[in-house]
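Peer 1: Take this structure first; my questions come after.
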Amino acid sequence: MSGLCLAMWSGPRNISTAMMRAWENRSDCQVIDEPFYAHFLKHTSLDHPMREQVIEAGNTDWQDVVASLTIKPPSGVFYQKHITTHWLDHFSMDWLAMLDHVFLIREPAPVVASYANKRESLTASDLGYVQQAALFENITATKGQRPIVIDSRRFLENPADQLQHICSSLAIDFEPAMLKWPAGVRDSDGIWEAHWYDAVRLSTGFAPYQQRQVELDSAQQSIADSCQPYYAALAKYAI
């Protein structure tokens, strides 16, 4: 059996980096961290932390990036961590049919609270819910079936069962090594890990889900409310 290219589509401030750790800890998997980030920053001119370093270290030609993402390995998994915020209107979509896809979602209120702690300015567009919902609809239409959807809350309540379900759906073996990994930085981490990955850097597995009281100001609550319908549209399909 030939390998597969697996695109994991998540918004920011989710468990996307921990998920990348889990897949990288498999015996048959290579990973790539946010391959469109450099192009996104150069094209939009947005002021993100470490902006110039990200652009310098990455590939700013989105077509080159796409070409690299569609090369299937002879065996095993080529795991791609994508942040839906980085998806731009000028990207073509035909290549998406060549990949397998999983969507990783999280309810908006805690995402807003977490993102606001890392970056002062915040808009709904920064959180990628609209982009994620549009990608889900397009991929569903293109491939003729809905991609797997993971809700981070449900996932953290039972990571083993959820990972086994995902692997079974992709017709690959589940490896228990996906549940535990060594702490520290990886060579595969994007250069931005210095700003964003403080918690994951210390992690050795998925932390159990904990209900936290989220306090948002009125502007933040408005952003969360505007994202809620897009989250709900995918949440009804979550495993």
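Peer 1: Any idea which of LYS81, LYS72 is of a type in the set (D, E, K, R), surrounded by 19 or more Cβ atoms within 10 Å (Cβ to Cβ) and either in contact with a Gly (Cβ under 8 Å, 6 or more places away or on another chain) or more than 19 Å from THR123 (Cβ to Cβ) (or both)?
Peer 2: None of the others qualify; the one that does is LYS81.
Every residue, every condition in (1) touching a Lys or Arg at 6+ places or on another chain (Cβ under 6 Å); (2) assigned to a loop (DSSP other than H, G, I, E, B); (3) in contact (Cβ under 8 Å) with a residue 24 or more places away in the chain; (4) among the aromatic types (Phe, Trp, Tyr), yes or no:
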{"site": "CYS5", "(1), (2), (3), (4)": "yes, no, yes, no"}
{"site": "LYS42", "(1), (2), (3), (4)": "no, no, no, no"}
{"site": "PRO49", "(1), (2), (3), (4)": "no, yes, yes, no"}
{"site": "ILE55", "(1), (2), (3), (4)": "yes, no, no, no"}
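Peer 1: Without any contact (Cβ under 8 Å) to a residue 40 or more places away in the chain, part of a helix (DSSP H, G or I) and of a type in the set (A, V, I, L, M), is that true of ALA113?
Peer 2: Spelling it out, it is not the case that ALA113 is without any contact (Cβ under 8 Å) to a residue 40 or more places away in the chain, part of a helix (DSSP H, G or I) and of a type in the set (A, V, I, L, M).
Peer 1: Related question: So GLN211 passes all but one of these: (1) part of a loop (DSSP other than H, G, I, E, B); (2) free of Cβ contacts under 8 Å to residues at least 12 places away in the same chain; (3) surrounded by 15 or more Cβ atoms within 10 Å (Cβ to Cβ). Which condition number does it fail?
Peer 2: With respect to (1) part of a loop (DSSP other than H, G, I, E, B); (2) free of Cβ contacts under 8 Å to residues at least 12 places away in the same chain; (3) surrounded by 15 or more Cβ atoms within 10 Å (Cβ to Cβ), GLN211 is out only on (3).
Peer 1: Looking only at the range 153-181, count how many residues are farther than 17 Å from PRO208 by Cα and not in a helix (DSSP H, G or I).
Peer 2: 6
Peer 1: Further question on the same structure: When THR17 is evaluated against the numbered criteria (1) of a type in the set (Ser, Thr, Tyr); (2) touching a His at 6+ places or on another chain (Cβ under 9 Å); (3) outside any loop (DSSP other than H, G, I, E, B), which criterion, by number, is the only one it fails?
Peer 2: (2)
Peer 1: Also, quick follow-up: Is it the case that ASP189 is of a type in the set (Asp, Glu) and not in a helix (DSSP H, G or I)?
Peer 2: The answer is yes for ASP189.
Peer 1: State which residue is surrounded by the most Cβ atoms within 10 Å (Cβ to Cβ) when the search covers only the range 109-144 and only residues that are at pLDDT below 95 and polar (S, T, N, Q).
Peer 2: Checked the range 109-144; the qualifying residue surrounded by the most Cβ atoms within 10 Å (Cβ to Cβ) is SER114.
Peer 1: Sticking with this structure for a sec: What residue, of ALA238, ALA219, ALA183, is at pLDDT below 95 and aliphatic (A, V, I, L, M)?
Peer 2: ALA219
Peer 1: Identify the single condition in (1) surrounded by 19 or more Cβ atoms within 10 Å (Cβ to Cβ); (2) among the β-branched types (Val, Ile, Thr); (3) in contact with a helix residue (DSSP H, G or I) (Cβ under 7 Å, 6 or more places away or on another chain); (4) under 27 Å from THR70 (Cβ atoms) that ILE166 does not satisfy, given that it satisfies every other one.
Peer 2: (3)
Peer 1: Here's another thing I want to ask about it. Count, please, the residues in the range 77-129 that happen to be closer than 16 Å to MET8 by Cα and either of a type outside the set (Val, Ile, Thr) or touching a strand residue (DSSP E or B) at 6+ places or on another chain (Cβ under 9 Å) (or both).
Peer 2: Of the residues in the range 77-129, 26 are closer than 16 Å to MET8 by Cα and either of a type outside the set (Val, Ile, Thr) or touching a strand residue (DSSP E or B) at 6+ places or on another chain (Cβ under 9 Å) (or both).
Peer 1: Please determine, by comparing only the residues of the range 68-110 that are of a type in the set (D, E, K, R) and in a strand (DSSP E or B), which one is nearest to the chain's Cα centre (by Cα).
Peer 2: If we take residues in the range 68-110 being of a type in the set (D, E, K, R) and in a strand (DSSP E or B), then LYS81 is nearest to the chain's Cα centre (by Cα).
The values are calculated or read from the model by the stated rules, or taken from the named source; none is laboratory data. Computed from a prediction, not measured in an experiment: that's the story for all the values here. No Cβ is skipped: glycine too gets one built from the backbone with ideal geometry, and neighbour counts run over all protein chains shown.
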